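> The structure's right below; bear with me while I get my questions together.
The values are calculated or read from the model by the stated rules, or taken from the named source; none is laboratory data. Values in this document were obtained by computation on a predicted structure and should not be read as measured data. Every residue, glycine among them, receives a Cβ derived from its backbone with ideal geometry; neighbour counts consider all protein chains shown. The accessibility values were calculated without ligands, DNA or RNA, using every heavy atom of the protein model including side chains. Shrake-Rupley method; radii C 1.70, N 1.55, O 1.52, S 1.80 Å.
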Amino acid sequence: MASEYETVVGIEVHAELLTESKVFCGCPTRFGAAPNTQTCPICLGMPGVLPVLNKRALEFTIRTALALNCQVAEFSKFDRKNYFYPDLPKNYQISQYDLPIGRNGYLDIDVDGEQKRIRIRRVHLEEETGKSLHAGEDIIAATHSLVDFNRAGIPLMEIVSEADMRSADEARAYLNKLRSVLLAIGVSDCKMEEGSMRCEANVSVRPVGASEFGTQTELKNIASFRAVHRAIEFEAARQIALLKSGEHVTRETRHWDDERGETVRMRGKEEAHDYRYFPEPDLVPLEIGREWVESIRESMPELPDARRGRYVRELGIPEYDAGLIADSPAMTRFFEEAVGLGGDAREIAKWMLGELSAALNASGGDFESCPVRPSHLVETLSLIKTGRISGKIAKSVLEDIFGTGRSPEEIVRERGLVQISDEAQLVAVVDKVIAANPGPVSDFRGGKEKALTFLVGQVMKETRGRANPEATNRILRERLAEGTGR
Ligand SMILES: [Zn+2]
């Protein structure tokens with residue numbers, strides 16, 4: 001039984017910072033440029049060059065440390081992490097070892113409506129490595145390898161959690177929350193598909209109630225949040241099966257194979273590198289002034305948790321819905337723009353999370369590129385409010401905007417969708433429907449309330465959905481009651 005064991009997860013996230021230039025030189029950091037076009041002697045690791053710290057990268061790291069409730073070091077430094085790898089031309093990476101910029105923070109997550117605090121051990125700044133490209137099917141079959149140094153030297157932040165997560169669900173919630181915070185403070189674009197956000201999970205299992213951690217394995221090459229969830233579930237089950245058959249878990253690094261849906265041993269910890277860290281002699285130690293830190297704190301934008309609270313408190317949005325909007329910068333921008341245009345916040349949230357989200361999911365788009373703009377939605381909602389169209393027609397109007405980008409007013413006018421609220425017009429249709437459906441009419445008169453729904457449906461059919469539903473209901477009841485004696 002899986003329930004005899006508990007899963008323990010800690011997560012390391014690497015996020016590339018959204019600076020214009022690299023961390024120790026002036027090269028640009030754009031993604032997708034032709035190989036080796038964004039390089040200079042510094043990021044190519046030529047001898048005799050001196051790195052110069054990009055202040056913006058340091059500011060972004062401090063901003064992140066503050067958003068994650070960390071203590072920001074007053075004194076910090078950079079260290080050389082020595083290892084040989086083809087995509088690391090200097091044979092060392094400038095990183096931070098014993099004095100990270102941020103430490104002892106936390107991030108609150110929600111899982112199944114319950115809040116949990118995940119401690120953050122450290123946040124530090126380092127440089128990205130280059131990227132190896134293997135010519136051929138895979139690394140084994142490749143005839144040769146190529147290296148692109150465009151990525152080398154892009155500022156990279158490492159965020160390490162304590163092993164506080166107890167399930168794959170909690171790990172996924174942590175990553176989602178972390179991403180929404182990094183996006184909100186604008187320090188990274190967090191695109192896992194472009195590698196600007198990457199994660200590794202340390203997974204172990206232990207008998208429920210045990211206080212000591214079991215032997216952990218380190219999972220690498222996880223390319224999506226969905227894969228994180230699958231990888232952790234697989235790995236925990238694998239470890240539990242080992243323990244139950246009397247074997248033990250080996251401390252090792254494992255690769256997640258998403259196609260096969262399993263983790264595969266990469267290397268044992270005994271083969272792990274000894275990085276021989278030592279202080280980077282070419283960079284001066286960092287003294288991080290408290291005034292600067294406070295000014296960064298003051299300039300911080302609203303974080304997702306605070307935003308959610310405000311939506312619930314001030315706009316009356318249900319907690320869960322408020323969280324969905326607040327966690328996504330694109331949805332937040334859309335929502336706030338629509339509310340700013342004078343729309344009803346609750347209706348806007350409802351339609352965003354309902355119709356619009358469904359259409360975007362189907363088309364693979366997001367709120368940033370949504371053909372229905374906030375002004376379109378607000379205009380459509382006001383057409384409902386003033387009774388010119390019904391909610392049902394509104395759905396078809398939004399579909400039309402989604403495909404054509406036309407304005408709601410134009411669509412309603414051209415397609416003749418204006419709701420029929422005119423009494424005489426509705427009475428005529430209602431009478432026609434009553435005359436054509438003697439069966440349901442006598443059912444209703446015999447006390448079957450449900451028959452009314454059928455008759456309302458017939459009126460809608462006759463008017464192609466344009467009949468005002470409230471008026472239709474009322475007139476139907478009146479006409480059916482009048483006819484009781486007949
Ligand atoms: Zn450079």
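> Which of the residues that make up the range 6-38 are over 16 Å from Ala152 (Cβ atoms) and not in a strand (DSSP E or B)?
Leu18, Glu20
> While we're here: Among the listed residues Arg103, Arg63, Arg56, identify the single one that is over 24 Å from Ile222 (Cα atoms) and surrounded by 19 or more Cβ atoms within 10 Å (Cβ to Cβ).
Sole residue among the options that is over 24 Å from Ile222 (Cα atoms) and surrounded by 19 or more Cβ atoms within 10 Å (Cβ to Cβ): Arg63.
> Hey, could you check the range 1-43 for residues that are open to solvent by 50 Å² or more (accessible area, probe 1.4 Å) and among the hydrophobic types (A, V, I, L, M, F, W, C) and say which is farthest from the ligand (Cβ to nearest atom)?
Result: Met1.
> What are the pairs with Cβ atoms under 9 angstrom where one residue, in the range 450-462, is in a helix (DSSP H, G or I) and the other, located anywhere, is of a type in the set (S, T, N, Q) and open to solvent by 20 Å² or more (accessible area, probe 1.4 Å)? Sequence gap at least six, or different chains.
Once the first residue is in a helix (DSSP H, G or I) and sits in the range 450-462, its partners that are of a type in the set (S, T, N, Q) and open to solvent by 20 Å² or more (accessible area, probe 1.4 Å) give Ala451/Asn437; Ala451/Ser442; Leu452/Asn473; Phe454/Asn437; Leu455/Asn437; Val456/Asn473; Gln458/Asn437.
> State yes or no: is Ile154 touching an Asp or Glu at 6+ places or on another chain (Cβ under 6 Å) and more than 25 Å from Pro304 (Cα to Cα)?
yes
> Quick one: is Ser188 touching a residue at least 40 places away in the same chain (Cβ under 8 Å), assigned to a loop (DSSP other than H, G, I, E, B) and either crowded, with 19+ Cβ neighbours inside 10 Å or within 16 Å of the ligand (Cβ to nearest atom) (or both)?
yes
> Considering only residues of the range 112-165 that are outside any strand (DSSP E or B), at pLDDT 95 or above and within 30 Å of Ser211 (Cβ to Cβ), which is nearest to the ligand (Cβ to nearest atom)?
Glu162
> Now, a different point. Does at least one position in the range 182-189 carry a residue that is over 14 Å from the mean Cα position of the chain (by Cα) and of a type in the set (D, E, K, R)?
No, there is no match, as no residue in the range 182-189 is over 14 Å from the mean Cα position of the chain (by Cα) and of a type in the set (D, E, K, R).
> Let me ask you something else. Which helices (runs of 4 or more DSSP H) sit wholly inside the range 356-438 and have at least 2 residues that are surrounded by fewer than 16 Cβ atoms within 10 Å (Cβ to Cβ) and free of Cβ contacts under 8 Å to residues at least 40 places away in the same chain?
Output list reads 357-363, 391-404, 408-414, 423-436.
> Of (1) under 30 Å from Pro329 (Cα atoms); (2) at pLDDT 90 or above; (3) open to solvent by less than 60 Å² (accessible area, probe 1.4 Å), Leu452 satisfies all except one. Which?
(1)
> In addition: Taking the condition of being more than 21 Å from Glu162 (Cβ to Cβ), assigned to a loop (DSSP other than H, G, I, E, B) and among the basic types (Lys, Arg), how many residues in the range 210-258 meet it?
0
> Right, next: In the range 215-224, which residues are at pLDDT 95 or above and either aliphatic (A, V, I, L, M) or in contact with a Phe, Trp or Tyr (Cβ under 9 Å, 6 or more places away or on another chain) (or both)?
Passing the criteria: only Leu219.
> When Phe78 is evaluated against the numbered criteria (1) within 19 Å of Phe278 (Cα to Cα); (2) within 16 Å of the ligand (Cβ to nearest atom); (3) open to solvent by less than 20 Å² (accessible area, probe 1.4 Å), which criterion, by number, is the only one it fails?
(2)
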